[in-house]
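Working notes for the structure below.
The values are calculated or read from the model by the stated rules, or taken from the named source; none is laboratory data. Here the structure is a predicted model, which means the values were calculated and not measured. Here the Cβ positions follow ideal geometry from the backbone for every residue, glycine too, while neighbour counts run over all protein chains shown. The accessibility values were calculated without ligands, DNA or RNA, using every heavy atom of the protein model including side chains. Shrake-Rupley method; radii C 1.70, N 1.55, O 1.52, S 1.80 Å.
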Amino acid sequence: MRKTLVAVAAALAFGSLSAHAGDVQMYGVIDVGFSYVHSDADQPGVDSVDKFTMENASEFGSRWGIRGTEDLGNGYKVGFVLESGFKSDDGTLDQGGRLFGREAHIDLYSPYGTLSAGVLPVFGSVLGANGLFRAIDPLFANYTVGFSSGFASASKWTRVNNAVSYVTPTFAGVTGYAMYSFQTDVVGSDSKQVEGKSSADRYASLALRYQNASLEGILVADTTLYGSERQNKHSDDGFTITVGGNYKFDSGLKFVTFYQYFQDQELNTAQRGGVAADGINSFTNNQGYGFVDGWGASFGVHYPVAGGTLKGQISYRDMDNQNDVDFTRWTVAAGYDYSLSKRTAVYAMAGYSQEKLEKTGVESATPYGYQIVFGTVHRF
């Protein structure tokens, strides 16, 4: 009996030590607001559309997650992140209903850098710990249809599955980044793709980041290796090169800018067309953007006003696709963020966007629209 009691006590003590050896936290963000959208397809027989709706995630994606670390000693740690997206307006899961569709990865931290594996945000995004586009996105409005920074680029701005990444230690303010995905995703009829084989869409990226007291600069290059079994085939792989950054003056004024060149990038019309999507689909006979070549640029400012931050942006994108359709897009936007506390903030944003569509032998069109949003963000 005594031996049994001693064994139970030892097990409880060991369990207690194990529970406190690591650091596990639950966290989350809830973003909910209201949106008014006006869009005009500029096509015969297609009426303009006005919508007033409650919206999830105009500024930040609503999510909850669990993260933790365990110290292995000698400068080594193991960590993990499990992050689930949800829609705050109706409570359903985001990311196609996946439980941990935003992030799901394990990380090894060492004096030689950080190695991660799982579902990872790409460097060309504002997501996760290594979303480098936070340095170049002035409004953080990539869930809007009227004035997202995505309208000035052809990047994914998202995440990939089956990925491995490495982040170097920082030397003299410079950090290096590398990522490879053995299969970005599997959807519907593309299920014949085999992970790690040429039949699957794969993804690779290299990046650099420089930081000092006032200046932050980034360089991100990535490529999508299109699989042979994908539904929409393309002979050449897509790539983007993005350079940009921000500079903050002593007055609090911050300039935020980027330039991107891209080629053979598959662009999702529903995500990157925004208020012009109906006009783009009508003009292209529902073929949408397709695979595009071109460039985009953005310039933005931040300035502290009345305890909050006033933001502005103007951006431009010029590209053409494999069907010889030319697309040129202008976007202007402004916003204001105000923190009520360390965890709660309110925001208001508005923007206008138009895309000119041209093709030889076809009358040009200029679908356009604008959006006004306001809402609140709470972190826990």
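Scanning the range 204-231 for residues that are at pLDDT 95 or above, buried (at least 17 other Cβ atoms within 10 Å of the Cβ) and either among the charged types (D, E, K, R) or more than 20 Å from ALA154 (Cα to Cα) (or both) returns ARG209, GLU216, ASP222.
Just to verify a result, which residue in the range 335-347, among those that are assigned to a strand (DSSP E or B) and open to solvent by 50 Å² or more (accessible area, probe 1.4 Å), is nearest to PHE140 (Cα to Cα)? Across the range 335-347, the extreme among qualifying residues is TYR336. Of all residues in the range 96-131, those that are open to solvent by 10 Å² or more (accessible area, probe 1.4 Å) and within 30 Å of LEU253 (Cβ to Cβ) total 6.
The condition of being at pLDDT below 95, more than 25 Å from ASP201 (Cβ to Cβ) and not polar (S, T, N, Q) holds for only one of ALA135, ALA141, that being ALA141. Taking the criterion of being open to solvent by 40 Å² or more (accessible area, probe 1.4 Å) and not in a strand (DSSP E or B), the residues of the range 40-65 that qualify are ASP42, PRO44, GLY45, VAL46, ASP47, SER48, PHE60.
Mind checking which residues of the range 277-289 are buried (at least 17 other Cβ atoms within 10 Å of the Cβ) and either of a type outside the set (Val, Ile, Thr) or at pLDDT below 95 (or both)? Once the filter is applied, which keeps residues that are buried (at least 17 other Cβ atoms within 10 Å of the Cβ) and either of a type outside the set (Val, Ile, Thr) or at pLDDT below 95 (or both), the range 277-289 yields ALA277, ASP278, GLY279, ASN281, SER282, PHE283, GLY288, TYR289. Take the conditions open to solvent by 40 Å² or more (accessible area, probe 1.4 Å) and either closer than 27 Å to THR269 by Cβ or touching an Asp or Glu at 6+ places or on another chain (Cβ under 9 Å) (or both) and apply them to PHE80. Does it pass? So PHE80 fits the description; yes. Residue count for the range 255-268 under the criterion of being within 24 Å of GLN371 (Cβ to Cβ) and either modelled with pLDDT of 95 or more or open to solvent by less than 10 Å² (accessible area, probe 1.4 Å) (or both): the result is 5.
Here is the figure for the range 147-188: residues that are of a type outside the set (Gly, Ala, Ser) and farther than 30 Å from TYR289 by Cβ total 8. Determine, yes or no, whether ARG317 is basic (Lys, Arg) and open to solvent by less than 10 Å² (accessible area, probe 1.4 Å). Judged against the criteria, ARG317 is a match. Inspect the range 99-118 for any residue being assigned to a loop (DSSP other than H, G, I, E, B) and polar (S, T, N, Q) and give the result as yes or no. Scanning the range 99-118, I find no residue that is assigned to a loop (DSSP other than H, G, I, E, B) and polar (S, T, N, Q), so the answer is no. State whether the residues of the range 174-189 include one that is part of a strand (DSSP E or B), exposed (fewer than 15 other Cβ atoms within 10 Å of the Cβ), at pLDDT 90 or above and touching a Lys or Arg at 6+ places or on another chain (Cβ under 8 Å). Yes, because at least one residue in the range 174-189 is part of a strand (DSSP E or B), exposed (fewer than 15 other Cβ atoms within 10 Å of the Cβ), at pLDDT 90 or above and touching a Lys or Arg at 6+ places or on another chain (Cβ under 8 Å).
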